[in-house]
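Rule-based calculations on the coordinates, nothing more; no lab input. A quick note: this is a predicted structure, and the numbers were derived from the prediction, not measured. Cβ placement follows ideal geometry from the backbone for every residue including glycine, while neighbour counts extend to all protein chains displayed.
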Amino acid sequence: MADNNTGKQKASDLFIECLEEEGVEYIFGVPGEENLDFLESLSKSDSIQLILTRHEQGAGFMAATYGRHTGKTGVCLATLGPGATNFVTAGAYAQLGGMPILMITGQKPIKKSKQGRFQILDVVQMMGPITKYAHQLAAGDNIPSRVRECFRLAEEEKPGATHLEFPEDIAEEMTDSRPLKASVARRPSAEVKAVRSAVKAIESAKNPVLVVGAGANRKMTGRMLRQFIEKTGIPFVTTQMGKGVIDERHPLFLGCAALSAGDFCHRAIEDADCIVNIGHDVIEKPPFFMKHDGATVIHLSTKTAEVDPVYFPQIEVIGDIANAIWQIKEDIVPSGQWKFDHMLAYRAAEVAHTKPLADDPRFPIFPPHLVQEVRNSMPEDGIICLDNGVYKIWFARNYTAYLPNTVLLDNALATMGAGLPSAMMSAMLYPDRKVMAICGDGGFMMNSQEMETAVRLGLNMTVLILRDDAYGMIRWKQANMGFKDWGLTYGNPDFVMYAESYGAKGHRVESADHLKEVLAHCRDTPGVHLIDCPVDYTENDQILNHDIKELSKNL
């Protein structure tokens, strides 16, 4: 790409070379006229593929999911103004959810422009509060250092979002700068005295428990945790974003903290006198509420605890989480005074309560039965990608996760519209695995246009739409607050015809037995499938807000 006579090349060519040096595989986006130099340079790349989406939000969600699965920075592209504003939700999703991404946006020339303020927003200022780093490139020579800084910060704990604005006149500049080599930084190990303090607290407790959070979802952490649990016999709870770090078929699994309070697993945590919080992030709904005269809480994470009215741990073990767990495991001596029978009884009661609900074959489909049928249909390494709605609570509580990153849900920003793009990215990365997006009708329609992208890319995946013709999560909350049912219902298209208009295959569930057949057919048949599944949410309020809390309270 460089001019052999001068050693200079166009800045946009240099930008692509920097991305190649970082190992970028895909750029997701909707280009605009301000990106055309960048687009032309990208067209010459042998290693980076452009994934053209139908909305910038879909591109951002795909980039974030790439980061979530791989730990590497997902890259997405948009133009200035409305293109950049459409990145805001996806940027916040990545930032709060701990997913590394780089958002690249175009801009009018900054040295001389004849278009006045047309489409001009201060995008860098806008991105500042929702990113780890936002910067306008004002010289082609600076591209290598700014790109390297974005990747470094995006992937450093806690991972998150970064942003570069690339103005038109900078993109066409000539520069003799060259890409920087990627650096590798090792996370520091936890301090020995902190580890010893944690070990003493656990050994002296009578009822310790582990709470596995979002930050524990890293490559080595699950392995170390499994070894720790096998040595000590201490039971564990997960948060929603900690699902799958340890196989939930494990006999010491106590459940997922999907409700705010009063669930069986919350009662088990209340029994504990020492809570080991692994990878906790206050961005998630609290899995428990601390009390000043309550249990000793150990914060084990890569970063110090953010103190909150409901979270103020007394012991902090800061460093690489997997290494810290290994250090604790090597030092700890299991105690004969530990007692877990009551905690495990709560889990047994939850399983007993769930079974008759899951076996209920009513139509429209009952949510606990739906969760059971999806679990039965999906193979061990199958991936489900949940959008946001009340069904997320049912799946978080009742869907047994076997492996890390096989239940992708968002308990941080908790945005609607991410389920479909997240599943598309999963299907691209893992073409040999079964992938399912699970969306409410409300969340699906927020980015349903990406069905065209999925078909165009030739993906193999299923989109399961849970149709209740309403914003069901808010309707559930409305009922819980004693308000009348008002303002939350709508109409829907014929989803089967809608899917087929994109070239996908449409299916409509007609009974509980039919659901099982359709799930199996879609799993075993290539292509993009959409399933319209009517659901019965009439008992959400009674079961989730009343029955569970009463049953768990009386154990």
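For this structure, a couple of remarks:
- Summing Lys and Arg as +1 and Asp and Glu as -1 over all other residues whose Cβ lies under 14 Å from the Cβ of P356 gives a net charge of -3.
- Taking a ≥ b ≥ c as the square roots of the eigenvalues of the Cα gyration tensor, the chain is oblate, since a/c reaches 1.5 or more and a/b is not larger than b/c.
- Loop-located trypsin sites (Lys or Arg not before Pro) in region 1-99 (DSSP state other than H, G, I, E, B) with a sparse environment of at most 12 neighbouring Cβ atoms within 10 Å: K44.
- Take every DSSP beta bridge whose two residues both sit in region 359-546; close to 5 percent of them are antiparallel.
- Rounded tilt (10° steps) of 512-524 against the dominant C-alpha axis of the chain: 40 degrees
- Sequence of H514, H280 once ranked by neighbouring C-beta atoms within 10 Å, starting from the fewest: H514, H280
- Cross-linked pairs K285/K484; K132/K505; K72/K434; K285/K505; K44/K112: Cα-Cα separations exceed 31 Å for K132/K505; K285/K505.
- Structural descriptor for region 359-546: relative contact order 26 percent, calculated from alpha carbon pairs under 8 angstrom and at least 6 residues apart.
- Axis of helix 419-429 versus longest Cα principal axis of the chain: the two differ by about 70°, to the nearest ten degrees.
- Ranking of S183, S197, S260 by neighbouring Cβ atoms within 10 Å, starting from the fewest: S183, S260, S197.
- Rounded to 10°, Cα long-axis angle of helix 367-377 versus longest principal axis of the chain: 70 degrees
- Neighbourhood charge, 14 Å Cβ-Cβ cut-off, centred on R196 and excluding it, Lys, Arg +1 and Asp, Glu -1: -2
- The chain: relative contact order as a whole-number percent, Cα under 8 Å and 6+ apart: 13 percent
- Bridge type composition, region 9-175 - antiparallel percent by DSSP, nearest 5: 10 percent
- Given K111/K158; K339/K392; K206/K243; K206/K303; K329/K355; K158/K477, the pairs whose alpha carbons are separated by over 30 Å: K111/K158; K339/K392; K329/K355; K158/K477
- Under the combined filter of DSSP loop state and at most 14 neighbouring Cβ atoms within 10 Å, region 484-550 retains these trypsin sites (Lys or Arg not before Pro): K484.
- Region 375-402 and region 21-94 have Cα centres spaced 28 Å apart.
- Region 192-345: C-alpha gyration tensor shape, a/c 1.5 cut-off, then a/b vs b/c: rounded
- By the count of neighbouring beta-carbon atoms within 10 Å, fewest first, L519, L466 end up ordered L519, L466.
- Modelled spin labels at R508 and H342, positioned 7 Å past Cα toward Cβ, are 5.3 nm from each other.
- Computed over region 66-106, Kirkwood Rh from alpha-carbon pairs, angstrom: 10.3 Å
- Cβ-defined net charge surrounding G255, 12 Å radius [Lys, Arg +1; Asp, Glu -1]: +1
- CD proxy at 222 nm, helix term only [per DSSP H run n ≥ 4: -39500 (n - 2.57); per residue of the chain; nearest 500]: -11000 deg cm²/dmol
- Centre-to-centre, using Cα atoms only, region 300-316 and region 486-555 are separated by 39 Å.
- Loop-resident sites, region 181-290, for trypsin sites (Lys or Arg not before Pro), counting at most 11 other Cβ within 10 Å (DSSP): K181, R186, K219, R249
- Extended-chain gain in nm, criterion 0.36 nm per residue less alpha-carbon gap, A352 and V192: 53.3 nm
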